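Since the structure comes first, as structure tokens, the remarks are kept for the end.
Throughout, read-outs are computed from the coordinates displayed, never taken from laboratory work. Computed from a predicted model, the values in this text were never measured in an experiment. Cβ sites come from the backbone with ideal geometry, for glycine too, and all protein chains shown count toward neighbours.
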Amino acid sequence: MNLLLDRTSKLGLDLRGMRESGMLHLEQIDAAELSPGEFAHRVREKVDRAQAKTVIIDSLNGYQASMPDENALILHIHELLQYLNRQGVTTFLTVAQHGLVGEMKSPVDVTYLSDTVMLLRYFEALGKVRRAISIIKKRTGHHEDTIREFQIDNRGLTLGDTLAEFHGVLRGIPTFVGEKSELLEEPGK
């Protein structure tokens, strides 16, 4: 937990202060110690008691490890998300995908349960590992359809320009089709 608090502090986010003031509840859970039903019950109990409006589950990979049958996992997640939605809670779920470069595979597909799906992706350009972000699904409102480079550093998250000079970034095998001089600039500058 201290690692999370220290890392977010370096990004300018005072989660420690928010936690101490009661505005934020953080709980580290070992998926091997709780059944999926116990986990869902604990989340519901915390939401009800604190009247929480946002829940972040990081990540579904641990939840899946406690329940290897994907169909049962989907049913548990679906039930929990429906409950949170009825309570007016905004829910963020993370899923680590297998494969950092090239083809990526998700251990569980919950995109049909999601209103918005963001994809964070690594790509290589001119000998550097870079990061791309894209919104691949959005049920309501404006849908940002571009792929942008992003950086995370002591200034926080910085979005760069559209990666218009690449093809294949989402496949993990980008082809550069633009001018190299523009690519050498740091994103967000």
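Å³ per residue of the Cα convex hull, for the chain? Walk me through the numbers before you get to the answer.
Details: hull volume 27.5 nm³, N = 189.
Hull volume over Cα atoms, normalised by residue count, gives 145 Å³.
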When the chain is fully extended, how far beyond the present Cα-Cα distance does Thr94 get from Ala72, taking 0.36 nm per residue of separation? 6.1 nm
Going by average Cβ density within 10 Å per residue, which order do the peptides 40-53, 20-33 take, highest to lowest? 40-53, 20-33
For labels at Leu113 and Gln82 in the simple 7 Å Cα→Cβ model, what's the distance in nm? 1.1
Please give the contour-minus-distance gain from Thr8 to Asn61: 0.36 nm per residue of separation, less the Cα-Cα distance, rounded to one decimal in nm. 16.9 nm
